[in-house]
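Colleague: Next up is a structure, given as structure tokens.
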């Protein structure tokens, strides 16, 4: 009996001292990464070349960049490298957009001294429209007719009207080709020019309504838009300066439509 009891105790000790099994750590799930496929059938973006004398003034450039790569196009470019080429002016072999842009000076006759009709006339006579378009270097621009006096004649007349030293003129400017030439011509008749930028039609209207400028240098796209300016200020207070035709050329496989501002939009 004693012998069996000792054997039982020995077995109990061995079992109690046996090393406990270490639990296996749970394996965390690994996120499955979906393979990325490139659709090699998707056509590459359109390639637009826009003349460097035009690109800064394309109002719808954001719309074009949504579907095309846009590059500044130098003079005499290799047109075969582009799907579409755009430029102000008229060029052999190019097509013209149905809309042109006309640049005009709007006189605010509510502000002195431009409430004086003689001063208004001198302002009109100071602008040499042919010299303005010549300064752009763009072929095919159309100058409005002008009756220009020399800067010396205008300065003498201003002195006789009580402005021997000229006067300060605030000009609100929409970004356009040759605006610097317009400013130079106004400066030549002894005017002290202060400029402010116009970023939208709404801002131009606000500047005029709140008498924040003596004149506005703007562009309009069609006769309806010009008629709206006539309604605001009157026909006698609009000085048309020059017209900017828009031209384009596109590959044969491309269909062209136009934005409301006259810029070509391509579709394969």
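Colleague: Taking only the stretch 143-173 into account, find how many residues are in contact with a helix residue (DSSP H, G or I) (Cβ under 8 Å, 6 or more places away or on another chain), loosely packed, with under 15 Cβ neighbours inside 10 Å and closer than 30 Å to residue 53 by Cβ.
Modeller: 2
Colleague: May I ask you to list the residues in the stretch 106-120 that are within 18 Å of residue 153 (Cα to Cα) and surrounded by 15 or more Cβ atoms within 10 Å (Cβ to Cβ)?
Modeller: The answer is 119, 120.
Colleague: If you don't mind, there's one more thing I want to ask. Counting only residues that are at pLDDT 95 or above, under 17 Å from residue 175 (Cβ atoms) and touching a strand residue (DSSP E or B) at 6+ places or on another chain (Cβ under 8 Å), give me the helices (runs of 4 or more DSSP H) lying completely in the stretch 33-146 with at least 1 of them.
Modeller: Numbers: elements: 61-65, 117-125, 129-134.
Filter on the stretch 33-146 gives 61-65, 129-134.
Colleague: Continuing with this model, one more query. Please go through the stretch 208-231 and give me each residue that is free of Cβ contacts under 8 Å to residues at least 40 places away in the same chain and within 18 Å of residue 109 (Cβ to Cβ), ordered by number.
Modeller: Of the stretch 208-231, the ones free of Cβ contacts under 8 Å to residues at least 40 places away in the same chain are 209-210, 223-225, 227-228, 230-231.
Across the stretch 208-231, the qualifying residues are 209, 210, 228, 230, 231.
Colleague: Within the stretch 195-228, track down each residue that is under 20 Å from residue 112 (Cα atoms) and part of a helix (DSSP H, G or I). Walk me through how you get there before you give the answer.
Modeller: Filtering the stretch 195-228 down to residues under 20 Å from residue 112 (Cα atoms) leaves 195-196, 204-217.
Across the stretch 195-228, the qualifying residues are 204, 205, 206, 207, 208, 209.
Colleague: Something else now. So if I check each of 85, 68, which one is under 16 Å from the mean Cα position of the chain (by Cα), in the same structural domain as residue 263 (by TED's automatic domain parsing) and surrounded by 16 or more Cβ atoms within 10 Å (Cβ to Cβ)? Don't jump to the end; show me each part of the working.
Modeller: On the way: 85 fails: under 16 Å from the mean Cα position of the chain (by Cα).
Exactly one residue qualifies, and that residue is 68.
The values are calculated or read from the model by the stated rules, or taken from the named source; none is laboratory data. If you're wondering where the values come from, they're calculated on a predicted model, not measured in any experiment. Virtual Cβ from ideal backbone geometry, glycine too; neighbours counted across all protein chains shown.
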